[in-house]
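Notes to accompany the following structure.
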Amino acid sequence: MLKTNQWSYWERKEILEEIDLVIVGAGIVGYSTALAFQENNPTAKILVVERGLLPSGASTKNAGFACFGSASEIYDDIQSFGEDTVWKTVELRWKGLQALRNRIGDKDLKLHMNGSWDLFTESEMDTFEAVSPQITYYNEQLEEITGERNVFSIDSDVQQQFGFNHIETSIYNRLEGQIDTGSMMTRFHQLVVSTGIRVLFGCEVDSIHEKENGAVLHTHLGSIESQKVAVCTNGFARHLLKEDVEPARAQVLITKPIEGLKINGTFHYQKGYFYFRNIDNRILFGGGRNLAFEEEKTSTIATSERIMHALHEILSEVILPKTAYEVDHSWAGIMGVGSVKKPIIKHISPSVYCGIRLGGMGVAIGSLVGEELAKMISTNEE
């Protein structure tokens, strides 16, 4: 690939000169930041740079869940972080999903509001017994946030309905759904380029340094200067910034099409550490990071034998116990997590900003994080 010093006059003039904002990362947050900043600053020259030929993190690697929190997750988080923090987080996720729908549209998201099920095995009935008495209260809180009544309900027939094994009961969330991640990011890219925002793929940033009246990005292709820089690389951000964020790998597999597949919806298993859904008559199944937390604190985009074995085992014993299937493909994506379940939206230095640490909820909160970051950059907020 040609270095920037080998580019023509026309290429350098069009892409590299007089840049107002460089955004590092062409995922949900990066593209949302670009679009929101352009709306507030219509004459600004914006460049998005992305290390891969496709977005490299989680934006095109995730499972496509339009979710804001299962009942057991809310219960666990309240014990750890307190009521106020948890409900603010749930509200952020809910509003973020609405922002995503407004930006992309349900048609291009291929949104299906089939609901989600929080599944409980026999060994998890203690958790269910602790969570189920809270459902009425949780529904009251969610009504204040969503305007919708009776979001959660107990569904004890889920095993019979979908043909599962070892599932005792479930808690149903009627406001969660599923999207097509590829279609979403295709539409994001179309919106970005249609507004005149430049996108440069295959451009990995090694470091960022302040200079007078701006910053310099040192990349594999050469140096790029800009008045302002926004880092939106989430799980890869530690490479560039000293912030409380670390990579967390998520591994996923998908089956070949299954004739007569009954499963329809999104499902959380073992407190959400495992998750699965239907798509194109297939089962997409991921998770298992809880089996190897330390090993999965990595930015290496690869699957591991240990977690793939666990996924295969649960798939055959719990999800599809009486169904013949073949696994078609598997992959991994990198999330950004930290000590708290809250994104970092920050003015780091005179010319550098960041929107990172999505905590595995990029689909839900990425659009809002981008909008908040764009506002911060536009107004020079701290």
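Taken together, the values in this text are just the output of simple stated rules run on the coordinates, not laboratory data. The structure presented is a predicted model; accordingly, all values stated were derived computationally and were not measured. Quick reminder, even Gly has a Cβ in these numbers, built from the backbone with ideal geometry, and neighbours come from all protein chains shown.
Across all C-alpha atoms in segment 82-142, the radius of gyration and Dmax reach 15.4, 42 Å.
Which length gain, in nm to one decimal place, applies between residue 81 and residue 375 when the Cα-Cα distance is subtracted from 0.36 nm times their residue separation? Extending this stretch completely gives an extra 103.1 nm.
Each of residue 43 and residue 186 was given a label point 7 Å from its Cα along the Cα-to-Cβ line. The distance between the two points is 3.7 nm.
Within a straight-line Cα-Cα reach of under 16 Å, residue 13 can be paired with the following lysines, leaving aside sequence neighbours fewer than 8 residues apart in one chain: 3, 45.
Residues whose amide H comes within less than 5 Å of that of residue 114, counting only those at least five positions distant or on another chain, are 178 (H built at 1.01 Å from N in the peptide plane).
Annotation: amide H of residue 222 within the under-5 Å range of 4, sequence separation 5 or more or interchain, hydrogens built in the peptide plane. Rg and Dmax over the alpha-carbon atoms of the chain stand at 21.5, 68 Å.
Secondary-structure-derived ellipticity at 222 nm for the chain, considering helices only, amounts to -9500 deg cm²/dmol, per-run term -39500 (n - 2.57) for DSSP H runs with n ≥ 4.
Assuming 0.36 nm per residue, please report the length gained on full extension of the stretch residue 209 to residue 126 beyond their Cα-Cα distance.
24.6 nm
Averaging 1/r over each pair of different alpha-carbon atoms in segment 247-337 and inverting the result gives 13.4 Å, the Kirkwood hydrodynamic radius.
Using only the Cα atoms of segment 31-149, build the gyration tensor, take square roots of its eigenvalues as a ≥ b ≥ c, and label the shape rounded, prolate or oblate: rounded if a/c is under 1.5, else prolate if a/b is larger than b/c, else oblate. In terms of gyration-tensor shape, prolate.
Bridging of residue 110 to lysines at a Cα separation below 17 Å is possible for 61, once same-chain residues fewer than 8 apart are set aside. On full extension, the segment bounded by residue 242 and residue 195 gains 13.7 nm, given 0.36 nm per residue less the C-alpha separation.
Across segment 339-354, coupling constants 3J(HN,Hα) worked out from phi with the 6.51/-1.76/1.60 Karplus curve, θ = phi - 60°, read 6, 10, 8, 8, x, 9, 10, 8, 8, 7, 8, x, 10, 10, 10, 8 Hz, and Gly and Pro carry x. Calculate the length of the line joining the C-alpha centroid of segment 64-109 to that of segment 172-214, in whole Å. Cα centroid to Cα centroid, the span is 20 Å.
Lys-Lys pairs in segment 268-382 that are eight or more residues apart or on separate chains and whose Cα atoms lie under 28 Å of each other come to 10. Projecting label points 7 angstrom from Cα along Cα→Cβ for residue 161 and residue 280 puts them 2.6 nm apart. Give, as a single signed number, the net charge of other residues whose beta carbon lies under 9 Å from the beta carbon of residue 353, with Lys and Arg counted +1 and Asp and Glu -1. Around residue 353, the charge tally is +2. Within the shell defined by Cβ-Cβ distances under 13 Å, the residues around residue 136 carry a net charge of -1, with Lys and Arg each +1 and Asp and Glu each -1.
Here the 3J(HN,Hα) profile of segment 125-142, calculated from phi with Karplus coefficients 6.51, -1.76 and 1.60 at θ = phi - 60°, is 5, 4, 5, 4, 5, 7, 7, 4, x, 8, 4, 4, 5, 4, 5, 5, 5, 5 Hz, Gly and Pro shown as x. Phi angles across segment 36-53 convert, under the Karplus curve 6.51 cos²θ - 1.76 cosθ + 1.60 with θ = phi - 60°, into 3J(HN,Hα) values of 5, 5, 5, 5, 7, 9, x, 9, 5, 9, 10, 10, 9, 10, 9, 5, x, 7 Hz, Gly and Pro given as x.
For segment 284-382, what percent of Cα pairs sit more than 22 Å apart? I get 49 percent for the Cα pairs in segment 284-382 exceeding 22 Å.
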